[in-house]
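Visitor: Here you go, one structure.
We did not get these values from a lab; they are worked out from the coordinates using the rules stated. What you are looking at is a predicted structure, and each value in this text was computed from that prediction instead of being measured. Because the Cβ atoms are built from the backbone with ideal geometry, glycine has one as well, and the counts that use them run over all protein chains shown.
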Amino acid sequence: MLKITMYSSADKVKGQGVGSAYLELVQMLRQRFSKEFDIEINKWRASDISHYHTIDLPFYFSTFSKKRGRKIGYVHFLPETLEGSLKIPQPFRGIFYHYVIAFYKRMDHLVVVNPSFIPKLVAYGIPENKISYIPNFVDAKEFYPVDDAQRRRLRAKFKIPLTKFVVLGSGQVQERKGVPDFIQLARQNPDIQFIWAGGFSFGAMTDGYKELKRVVDDPPANLWFPGIVSRQEIAELNNVADLFLLPSYNELFPMSVLEAFSCGTPVMLRDLSLYHSIIEGYYEPATDVDDMQRKLTRLSNNSDELKGLRDKARRASQRYSKDHLAKIWYRFYTSQAKEK
């Protein structure tokens, strides 16, 4: 039995996709491979594999122990992807960015959730043969499409008329996620109900906090900010929505998109090049807020086109299913243990 120790503080801050990805992985491994893998969390013990999900300083120091076994680092962000998320003044920003790369270089192997980040890590001086791509996934037992009767009940629960077109976004309320564009679209479309599920996970450190906080505290009548909600409520809101919209400027592989796909919710995204290698063809691309407006108008008046996007979402959910990724993770851990 392989001893695998997970090192993570991702679930300490609510509303992060990193935390969701970490919890999904641990739950899947414990369910599927209880006889093959002995998994512990944040336990200082001799291990075959130490898998670092977050870059906490104590975790960095732990990598110097020979008891850690094969050190695996999960790359959920790079310095450039933090721009527009956190407001860190210089010189502290430069020091922190240097630390991020130093942490990754301490690893024996890295896992990225988007292949577009492999050349970027190589540019930082990390050999390509030390990097593997394994995408995120969500549990279809938690995120799934509901029938019409349940959808009506959920609309009643959230006090949303059955005839109202609903647009959902989710994630931290910050500049990088494109929340200002989401707000602008809500103001331009008073007949459509907009919902942004998420909050200020890092408080006043969030980039654009003051301006966004003013809108969250006093939003337009058709825009609802429920704050950080449970995974169950995210699944419910996806089934309430007619369209999931993420106008983010920078991502790796957002869990929120996978959750929408798994619920069969049509998806529109700002068309980032990093999506092309992982989910191209499964979503409606938009170049900017004006393009989002044009396509939102078209989709809200075209049920056939919306159904086409719903079908694409369901196909995407099969591609990134829990069953498929379980096999990939099993092969990855067993092969890495042999490298030890």
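Visitor: Roughly how many debye, to the nearest 20, is the charge dipole of segment 220-340 about its Cα centre, given +1 on each Lys and Arg Cβ, -1 on each Asp and Glu Cβ, and no other charges? Could the numbers behind the result be given before it?
Guide: Working: 16 positive and 16 negative charges, 133 e Å.
The dipole of segment 220-340 has a size of about 640 debye.
Visitor: So how far apart, in nm, are the two label points at Arg187 and Thr163 if each is 7 Å from Cα heading toward Cβ?
Guide: Once both label points are built, they end up 2.8 nm from each other.
Visitor: Exactly which GluC sites (Glu not before Pro) in segment 109-203 are in a DSSP loop and have at most 16 other Cβ atoms within 10 Å?
Guide: Details: sites: Glu128, Glu142, Glu175; in loops: Glu142.
Hits after loop and neighbour filter: Glu142.
Visitor: Go ahead and run the numbers for FRET between Asp271 and Asn301, Cβ-Cβ distance against an R0 of 30 Å, rounding to 0.05. Mind showing how you got there, number by number?
Guide: On the way: r = 22 Å, r/R0 = 0.72.
Working from the Cβ atoms, E equals 0.90.
Visitor: Please give the calculated 222 nm ellipticity per residue for the chain, where each DSSP H segment of at least 4 residues contributes -39500 (n - 2.57) and the sum is spread over every residue; nearest 500 deg cm²/dmol?
Guide: Taken over the chain, the calculation gives -12500 deg cm²/dmol.
Visitor: Say R0 is 25 Å: what FRET efficiency, to the nearest 0.05, do Asn42 and Gln90 get from their beta-carbon distance? Kindly include the intermediate steps, with their values, before the conclusion.
Guide: Numbers: r = 32 Å, r/R0 = 1.28.
Computed FRET efficiency for Asn42 and Gln90 comes out at 0.20.
Visitor: When the chain is fully extended, how far beyond the present Cα-Cα distance does Lys130 get from Gln232, taking 0.36 nm per residue of separation? If you can, show how the numbers build up before the last one.
Guide: Working: separation 102, 0.36 × 102 = 36.72 nm, distance 3.65 nm.
Fully extending the segment from Lys130 to Gln232 adds 33.1 nm.
Visitor: Let me ask you something else. Which of the GluC sites (Glu not before Pro) across segment 200-285 are loop residues per DSSP, with 14 or fewer other Cβ within 10 Å?
Guide: Working: sites: Glu211, Glu233, Glu236, Glu251, Glu259, Glu280; in loops: Glu251, Glu280.
Those that pass, being in a loop and sparsely packed, are Glu280.
Visitor: Can you give the translational diffusion coefficient of the chain in µm²/s, computed by Stokes-Einstein from the Kirkwood radius over Cα pairs at 20 °C and 1.002 mPa s? Kindly include the intermediate steps, with their values, before the conclusion.
Guide: Details: Rh = 21.0 Å.
D, rounded to a whole number, is 102 µm²/s.
Visitor: To continue, here is another question. Report the calculated FRET efficiency for Ile328 and Asp147 (r = Cβ-Cβ distance, R0 = 41 Å), to the nearest 0.05.
Guide: Working from the Cβ atoms, E equals 0.85.
Visitor: Right, something else. Specify which residue in the list Trp329, Gln232, Ile278 is farthest towards the positive end of the charge dipole of the chain, using unit charges on the beta carbon of Lys, Arg (+1) and Asp, Glu (-1), about the Cα centre.
Guide: Comparing the listed Cα positions along the dipole, Trp329 ranks first.
Visitor: Subtract the Cα-Cα distance of Glu280 and Lys105 from 0.36 nm times their separation in residues, and report this length gain in nm to one decimal. Write down the numbers at each step before the final one.
Guide: Details: separation 175, 0.36 × 175 = 63.00 nm, distance 3.07 nm.
Using 0.36 nm per residue and subtracting the Cα-Cα distance, I get 59.9 nm.
Visitor: To continue, here is another question. From Cα pairs below 8 angstrom and at least 6 apart in sequence, can you work out the relative contact order of the chain, rounded to a whole percent?
Guide: Details: 559 pairs, mean separation 61.7, N = 340.
Result for the chain is 18 percent.
Visitor: Next question, about the same structure. Taking a 32 Å limit on the Cα-Cα distance, which of the listed pairs Lys43/Lys141; Lys105/Lys141; Lys105/Lys210 fall beyond it? Intermediate results must be reported in sequence, preceding the final value.
Guide: Numbers: Lys43/Lys141 29 Å; Lys105/Lys141 37 Å; Lys105/Lys210 36 Å.
Listed pairs above 32 Å: Lys105/Lys141; Lys105/Lys210.
Visitor: Something else: Using amide H atoms built in the peptide plane, which far-off residues or other-chain residues are under 5 Å from Gln174 H to H?
Guide: Val179
Visitor: Count neighbours as other Cβ atoms within 10 Å of each site's Cβ, and list the trypsin sites (Lys or Arg not before Pro) in segment 111-213 that are DSSP loop with at most 15 such neighbours. Could the numbers behind the result be given before it?
Guide: Values: sites: Lys120, Lys130, Lys141, Arg151, Arg152, Arg153, Arg155, Lys157, Lys159, Lys164, Arg176, Lys177, Arg187, Lys210, Lys213; in loops: Lys141, Lys159, Lys164.
The qualifying sites are Lys141, Lys159, Lys164.
Visitor: OK, next. For the chain, give me the percentage of DSSP beta bridges that are antiparallel, rounded to the nearest 5 percent. Numbers along the way, then the final one.
Guide: Numbers: 1 of 37 bridges.
Around 5 percent of the beta bridges assigned by DSSP in the chain are antiparallel ones.
Visitor: For segment 228-340, what does the relative contact order come out to in percent, with C-alpha contacts under 8 Å and a separation of six or more? Before the final figure, lay out each step's value.
Guide: On the way: 109 pairs, mean separation 27.8, N = 113.
Rounded, it is 25 percent for segment 228-340.
Visitor: With θ set to phi - 60° and the Karplus curve 6.51 cos²θ - 1.76 cosθ + 1.60, what are the ³J(HN,Hα) couplings of segment 224-231 in order, to the nearest whole Hz, using x for Gly and Pro?
Guide: Along segment 224-231, the couplings run 10, 10, x, x, 6, 10, 6, 4 Hz.
Visitor: Over segment 148-319, what is the relative contact order in whole percent, taking alpha-carbon pairs under 8 Å and six or more residues apart?
Guide: Working: 257 pairs, mean separation 36.9, N = 172.
Normalised by residue count, the contact order of segment 148-319 is 21 percent.
Visitor: Something else: When N is the residue count of segment 259-340, what does its C-alpha Rg come to as a fraction of 2.2 N^0.38 Å? Before the final figure, lay out the partial values.
Guide: Numbers: Rg = 16.9 Å, N = 82, 2.2 N^0.38 = 11.7 Å.
That ratio works out to 1.44.
Visitor: Spelling out what I want: for every residue of segment 294-300, take phi, set θ = phi - 60°, compute 6.51 cos²θ - 1.76 cosθ + 1.60 (Karplus), and round to whole Hz; glycine and proline get x.
Guide: Going residue by residue, I get 4, 6, 5, 4, 5, 5, 5 Hz, with x marking Gly and Pro.
Visitor: Moving on. Taking the Cβ of each residue in Phe96, Phe261, Phe194, Phe37 as the centre, tally the other Cβ atoms inside 10 Å and list the residues starting with the fewest.
Guide: Working: Phe96 14, Phe261 28, Phe194 24, Phe37 20.
Neighbour counts put them in this order, fewest first: Phe96, Phe37, Phe194, Phe261.
Visitor: If each Cα of segment 148-319 is one equal point scatterer, what is log10 of I(q)/I(0) from the Debye formula at q = 0.11, 0.12 Å⁻¹?
Guide: -0.41, -0.49
Visitor: Within segment 117-146, what residues put their amide N at less than 14 Å from the label point 7 Å along the Cα-to-Cβ vector of Ser335?
Guide: 129-135
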